[in-house]
Ligand code: SF4
Ligand code: SF4
């Protein structure tokens with residue numbers, strides 16, 4: 001089949017990647033304090049296993065997963081626990097968090113330098129290492145990786161797709177990881193391949209990262225069954241369903257999962273974390289974060305410990321510009337605006353974006369002119385204007401029937417709307433109202 005290397009709908013928001021795409025990853029100095037929420041993943045929160053006053057070493061578990069769909073968290077520095085209490089979380093409400101005051105350089109909980117060959121580990125042992133390391137999807141979705149790697153009986157995976165698309169404007173952490181750590185990313189991919197036992201792997205990368213495409217193509221020459229697929233540049237090319245469609249032609253049904261069409265998608269950052277977890281038994285205590293935007297004096301890609309505050313990272317990038325106005329966890333399309341910079345980097349924080357006032361203000365809404373542009377661009381083939389109107393008029397059931405929950409909140413409709421309707425905001429609100437109405441009794 002001839003693939004179009006893209007999907008229906010989508011848009012081309014300003015990329016903004018030039019601020020950081022050529023900046024090599026820098027390692028931030030260890031912060032004096034880290035705040036580690038026990039809920040950084042989708043699923044059951046992990047339970048703290050430490051208390052105020054405890055001394056912890058870097059890599060030591062500080063919370064445990066009590067259900068299968070959950071992962072533990074680990075101390076990302078060495079020091080004393082000063083609090084276990086609710087603290088602001090970059091995804092919204094306050095969340096139970098472990099606060100560690102660093103007292104010295106790293107004292108490692110275990111020796112994470114000894115490599116184990118994956119040939120010496122069974123599939124179950126590999127999956128245990130991945131769960132024990134606390135890995136949850138690093139592209140932002142934060143779904144526990146070991147769960148995704150355990151499809152239920154009756155579901156067969158025949159293709160593994162590695163998401164190196166990074167279509168969200170401004171963000172470049174995955175791009176730099178592919179350029180600077182291609183061997184490690186590839187080893188992580190091969191571990192994932194072994195777990196799900198698939199013969200075909202596609203690494204999807206948008207064509208605006210020619211250096212990453214070239215490096216990975218060179219690295220896979222001679223490797224059987226792995227290919228690099230350059231994809232057309234279009235937002236949201238990196239969304240799971242759109243990536244599957246573009247790279248295989250398969251369409252995930254409404255309400256369905258990638259495994260319903262035999263596909264499994266993992267982010268390149270996840271592949272890297274899996275490599276470290278399985279090869280060195282190393283827990284997830286750090287990640288790459290792009291700190292960028294017109295409101296940052298010196299945008300950078302930074303390797304940073306989980307739990308480091310946004311403020312610390314902004315300072316590491318020489319601070320805010322004079323007109324900095326809005327700070328976002330993630331990118332401009334799907335990111336979440338923050339009240340302030342006193343929130344921690346979590347496992348899913350791929351970027352910290354700071355915009356200036358003229359970019360940050362939500363434009364004033366005008367009446368819908370029924371141009372249908374939002375319909376044309378919606379990658380989920382929804383009717384965003386109708387859904388938003390129903391929500392606006394409190395007709396949540398009608399919004400639901402039009403596919404309210406099929407919306408992945410990509411923001412493409414809001415971006416394209418000439419009347420600047422706050423479509424995605426209405427849709428998010430509609431989901432919360434529907435949940436309130438129908439899930440309260442769950
Ligand atoms: S309705 Fe949802 S999925 Fe469709 S464009 Fe808008 S935000 Fe994206
Ligand atoms: S793009 Fe905006 S103005 Fe056009 S139909 Fe959709 S909501 Fe209405």
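The values are calculated or read from the model by the stated rules, or taken from the named source; none is laboratory data. Computed from a predicted model, the values in this text were never measured in an experiment. Don't worry about glycine lacking a Cβ; one is built from the backbone with ideal geometry, like all the others, and counts go over all protein chains shown.
Checking the structure you have, find out if any residue of the range 318-326 is within 24 Å of residue 143 (Cα to Cα) and touching a strand residue (DSSP E or B) at 6+ places or on another chain (Cβ under 8 Å).
Filtering the range 318-326 down to residues within 24 Å of residue 143 (Cα to Cα) leaves none.
No, every residue in the range 318-326 fails to be within 24 Å of residue 143 (Cα to Cα) and touching a strand residue (DSSP E or B) at 6+ places or on another chain (Cβ under 8 Å).
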* With respect to residue 321, determine if the residue is surrounded by fewer than 24 Cβ atoms within 10 Å (Cβ to Cβ), more than 16 Å from residue 17 (Cα to Cα), outside the structural domain of residue 146 (by TED's automatic domain parsing) and modelled with pLDDT of 95 or more. => yes
* Answer yes or no: is there a residue in the range 355-368 that is more than 30 Å from residue 17 (Cα to Cα) and loosely packed, with under 14 Cβ neighbours inside 10 Å. => yes
* How about the range 126-145: which of its residues are on the phi < 0 side of the Ramachandran plot and under 16 Å from the mean Cα position of the chain (by Cα)? -> 135, 136, 137, 138, 139, 141, 143, 144, 145
* Of the residues 382, 362, which single one is at pLDDT below 95, within 16 Å of ligand 1 (Cβ to nearest atom) and more than 17 Å from the chain's Cα centre (by Cα)? -> 362
* To do: Sort out for me the helices (runs of 4 or more DSSP H) sitting completely within the range 345-418 that have 3 or more residues that are within 16 Å of ligand 2 (Cβ to nearest atom).
  => 373-377, 384-392, 412-416
* Can we say residue 155 is surrounded by fewer than 18 Cβ atoms within 10 Å (Cβ to Cβ) and closer than 28 Å to residue 351 by Cβ? -> no
* To do: Scan the range 419-430 residue by residue and report those that are closer than 20 Å to residue 396 by Cβ and not in a helix (DSSP H, G or I).
  => 421, 422
* Asked: Picking from 313, 264, which residue would you name as being in contact with a strand residue (DSSP E or B) (Cβ under 6 Å, 6 or more places away or on another chain), crowded, with 19+ Cβ neighbours inside 10 Å and assigned to a helix (DSSP H, G or I)?
  -> 313
* Give me the pairs: first residue in the range 368-392 and in contact (Cβ under 8 Å) with a residue 60 or more places away in the chain and in the same structural domain as residue 411 (by TED's automatic domain parsing), second residue part of a helix (DSSP H, G or I) and more than 8 Å from ligand 2 (Cβ to nearest atom), beta-carbon distance under 6 Å, and six or more apart or on different chains, which are they? -> 377/412; 379/242; 380/406
* Output the qualifying pairs, or none if there are none: Cβ atoms under 6 angstrom, residues six or more apart or on different chains, first residue in the range 393-418 and assigned by TED's automatic domain parsing to the domain that holds residue 234, second residue assigned to a helix (DSSP H, G or I) and near ligand 1 (Cβ under 7 Å from one of its atoms). => none
* Can residue 24 be described as surrounded by fewer than 18 Cβ atoms within 10 Å (Cβ to Cβ), at pLDDT 95 or above and out of contact with any strand residue (DSSP E or B) (no Cβ under 8 Å at 6 or more places or on another chain)? -> no
